[in-house]
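Read the structure below first, then the notes.
Here, each number is a calculation from the coordinates, and none is a lab measurement. This one's a predicted model, so the numbers in the text were calculated from it and none came from an experiment. Counting neighbours? That spans all protein chains shown, and the Cβs are built from the backbone with ideal geometry, glycine included.
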Amino acid sequence: MKKIVFVLILMFSTIVFAGEEEAKKQYENALKLMFEKQYDEKRKEIEPNYKGAFLLLSKAAESGHLESQYLLSMLYEYGKGTKKDYQKAMYWYKKATQFEKENSIFLTKIIKNFTRENELPETLKPLKKFLHEPFKIGSCQVCHTNAKATPPELISNDIASLCYKCHEKDDKKAFYHKSVKNGDCTKCHDPHESDAKKLLKTSNTNELCIACHGKKKTSLDINFDKKYKHKPAEENCLNCHEAHGSNHPKLFKQADLSENFCYECHKETKKEMENSTYSHSKIKNSKNFCLECHASHSSNEKKLLKKDIKTLCFDCHNKTFQTSDCERELLDIETHLKTHANWHKPLSEKESCIICHNAHGSQNLGMLKKTFLENFDKKHEAIKKRQNDKFYENFDKKNFLCFACHENDKIDSKTNTKTNFRNGDTNLHFIHVNYKKGRSCKTCHDIHGSKKSFLIRDFSDFGESKFPLRFIPNENGGSCESACHAKKVYNRNAISKKIEKK
């Protein structure tokens, strides 16, 4: 049984091989009849034998020979060796698509022979890299009434109707490119040939888009002249936008700019947002998502921010409002700073707010990069549970936000002359942040701006209550009379006493 199967396979293979060889010979003979010079008995040059070539190519094409199928489509198109038949021409052309893709140089030579390049208008010489399919096979009649007319007349002045004879029309999208909507296909595409794919009129997609969208007159205009550029946009506008139509505004490829769009590249930001206890509510709850803060094409600011960091933050933080992920009201920072002249130094620097805050989200209250004292940061939870003892925790300099900039040796020793907040050499910072009721820096200092020197606050918080600090500085020290303790005076020139634990 196995022998019989083997013999049958061998016979079939032999037949197939023989058929391929025969088709190849028929194709080669057809080429000679069409393209080699032919002479009569008197050695007088005669017209190519297209009829003989047609018969040979028909047989080879039927057996599946790609090259023959392609040439046969051209014979039908031109009516060489047979009657013109556009339907059969397109039938064989579609069958030979694979050959067309793999043999562009060879085909260009064939096309030149068929179209007689000297017959082409000067504007179409020399032939370019990519040719419109009807033009490629010399089917000028698909679009023109008379190809030899000067200028050649179109079958219809409605360009779109001509294009849709071959190209499928998509009329089910919610938004369309203006040129598509107006039926002006030739605004972007050359109807004959181009050195760019898709027959674009320019060398690349972005150059074409900027030809219209680079005029800087409307909100749809783009500008790649700025210092920082969005890499996908710089590479190709079609990385983010559809060329013809989309179901999403601005012809975006995706509706959700977060999960299915920006996050395709910005995976670390996605992870950061998803793992944050406190996330940036403006981004999280906005349809524009990342585009609330970032420019999509280019910017003169790092990270493609639309404005400098402080101005951008103040576009929202110029009023008080409730956050969605914790029960507290955010301060109107812009107004606060206008009325409190002594600013925290980072606010005067280029990086401004993001020196202390993470712009996307954080595990810490206020989206801080690090925490103050852990339980102090959870005061909104403590308020609900009336657990005022949770406002205290021993000082931990490793996880303390302030020491990203400030020297911790001014605080972590009992005696220290490096700090001015001391009584003699007794370090009063150490006393405030250590022991059983260690406090956070922000208990006494305003982390944004203050009317007083050293960023001393007017009021501090304890549970739901506010109390005045009553800090009064003088030449050698100062005094404080808050709800924490009775009035205490410190003097840097005093003789230090032994520190008593609370």
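Descriptive notes on the structure:
- Percent of C-alpha pairs per 5 Å bin, region 397-491, short to long: 3, 12, 20, 28, 23, 11, 2, 0
- Per-residue packing, averaged as other Cβ atoms within 10 Å, sorts the ranges 120-129, 270-279 into the order 270-279, 120-129, beginning with the highest.
- Less than 5 angstrom separates the built amide H of Gly424 from those of Asn491, Arg492, Asn493, Ala494, all sequence-distant by 5 or more or on a different chain.
- Extension gain from Leu330 to Ala174, taking 0.36 nm per residue of separation minus the Cα-Cα distance: 52.2 nm
- Taking 0.36 nm per residue of sequence separation and removing the Cα-Cα distance, the Cys316/Lys25 pair yields an extension gain of 97.0 nm.
- Rough spin-label spacing in nm, given labels placed 7 Å along Cα→Cβ, for Glu264 and Ala341: 5.4 nm
- Which listed pairs, of Lys197/Lys226; Lys94/Lys229; Lys319/Lys418; Lys83/Lys128; Lys80/Lys128; Lys271/Lys414, have C-alpha distances above 32 Å, in listed order: Lys94/Lys229; Lys319/Lys418; Lys271/Lys414
- With a Förster radius of 22 Å applied to the beta-carbon distance between Lys466 and Ser348, the computed FRET efficiency rounds to 0.20.
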